[in-house]
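Worksheet: one structure, shown below.
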Amino acid sequence: MELEQAINGRRSIRGYRPDPVPRALLEEIIALASRAPSSMNTQPWHFHVLTGEPLERVRQGNCEKMLAGVPPQREIPDHGTYEGVHRERQVEIAKQLFAAMGIAREDKEMRQDWVMRGFRQFDAPVSIVVTFDKSAQMHGTIAHFDLGAVTFGLVLAAWDRGLGTVINGQGIMQSPVVREVAQIPDDQVIMTCVAMGWPDEEFPANAVVSRRRPVEETARFVGFID
């Protein structure tokens, strides 16, 4: 697949077939993603790849704690409540997804079920928990930038090979559960996770494509002579 095809064609996948993903394919994807740039070539990232019974335990623990009202326990600052235009974009994609899934605004049960799908990592057969070296924290949030780059590499490499993904902060919302099950070392910080698997082409939300801001709205060109 051409790079432009992968970037333009990629979308977040929230419905998966149960078919397993071969370990060799995952290793190939991680190796390609690891070509991402990082500050001073520090490469502070680590990948904990879960499937099968361990992933089911993470799903169960995540859901049980959230349903019990346990506050989120992320290891990086939470994004909090978005406001203004950022909130508008958040609402826009939610409306697109709910319309695709036929979830009415007043249907609290279906809306709750959709939220819990996120905590179950959308029932994907694979979850890649992305972490970074705790020692990198002394350099501020630069490691967050590095992990953003490598995570985008993961989703593009997966898409190129026919796999779908969704970058899923809900999946690590109860990070102590993830850390215990995945046996993540204490010298690493859990950043996010990527749900991954073969897309279910019949799942309505998988057809949703979020709107992107045009270049004239996001970019300024200084010193150019047209």
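The values are calculated or read from the model by the stated rules, or taken from the named source; none is laboratory data. Keep in mind that this is a model prediction, so the values were computed, not measured. For neighbour counting, all protein chains shown are included, and Cβ atoms are generated from backbone atoms with ideal geometry for every residue, glycine included.
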Scope segment 11-22; condition assigned to a loop (DSSP other than H, G, I, E, B) and out of contact with any Ser or Thr (no Cβ under 8 Å at 6 or more places or on another chain); matching residues:
Arg14, Gly15, Arg17, Pro18, Asp19, Pro22
The listed residue being touching a strand residue (DSSP E or B) at 6+ places or on another chain (Cβ under 7 Å) and within 21 Å of Thr151 (Cβ to Cβ), out of Gln174, Gln170
Gln174
Take the conditions closer than 16 Å to Glu180 by Cβ, part of a helix (DSSP H, G or I) and basic (Lys, Arg) and apply them to Arg59. Does it pass?
yes
Filter segment 171-226 down to the residues that are of a type outside the set (A, V, I, L, M), over 16 Å from the mean Cα position of the chain (by Cα), closer than 30 Å to Arg23 by Cβ and part of a helix (DSSP H, G or I) and list them by number.
Pro176, Arg179, Glu180
Of those in segment 80-94 that are in a loop (DSSP other than H, G, I, E, B) and within 17 Å of Val115 (Cα to Cα), the residue modelled with the highest pLDDT is Thr81
Segment 26-53 residues that are closer than 16 Å to Leu147 by Cβ, paired with ones that are surrounded by fewer than 16 Cβ atoms within 10 Å (Cβ to Cβ) and of a type in the set (Asp, Glu) (beta carbon under 9 Å, 6 or more apart):
Val49/Glu27
Of all residues in segment 116-170, count the ones that are part of a helix (DSSP H, G or I) and not basic (Lys, Arg).
32
Exactly one of Gly197, Gly223, Gly153 is at pLDDT 95 or above and buried (at least 22 other Cβ atoms within 10 Å of the Cβ), and that one is Gly197
Suppose the filter is closer than 30 Å to Gln43 by Cβ, in a loop (DSSP other than H, G, I, E, B) and free of Cβ contacts under 8 Å to residues at least 40 places away in the same chain; does Gly69 pass it?
no
Which members of segment 37-54 meet the condition of being more than 17 Å from the chain's Cα centre (by Cα) and crowded, with 19+ Cβ neighbours inside 10 Å?
Ser38, Pro44
Cβ contacts < 7 Å: first residue exposed (fewer than 13 other Cβ atoms within 10 Å of the Cβ), restricted to segment 72-83; second residue part of a strand (DSSP E or B), any location; separation 6+ or different chain. Result?
none
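In segment 23-41, what count of residues is obtained for those that are in a loop (DSSP other than H, G, I, E, B) and either among the small types (Gly, Ala, Ser) or within 15 Å of Trp159 (Cα to Cα) (or both)?
Going residue by residue through segment 23-41, those that are in a loop (DSSP other than H, G, I, E, B) are 34-38.
Checking which are either among the small types (Gly, Ala, Ser) or within 15 Å of Trp159 (Cα to Cα) (or both) leaves us with 34, 36, 38.
Matching residues across segment 23-41 total 3.
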Quick check, is Ile93 closer than 27 Å to Asp160 by Cα, β-branched (Val, Ile, Thr) and under 19 Å from the mean Cα position of the chain (by Cα)?
yes
Being among the hydrophobic types (A, V, I, L, M, F, W, C) and touching a Leu at 6+ places or on another chain (Cβ under 9 Å) is true for just one of Ala143, Ala157. Which residue is that?
Ala157
Tell me, which residue of segment 95-134 that is modelled with pLDDT under 95 and small (Gly, Ala, Ser) is surrounded by the fewest Cβ atoms within 10 Å (Cβ to Cβ)?
Ala104
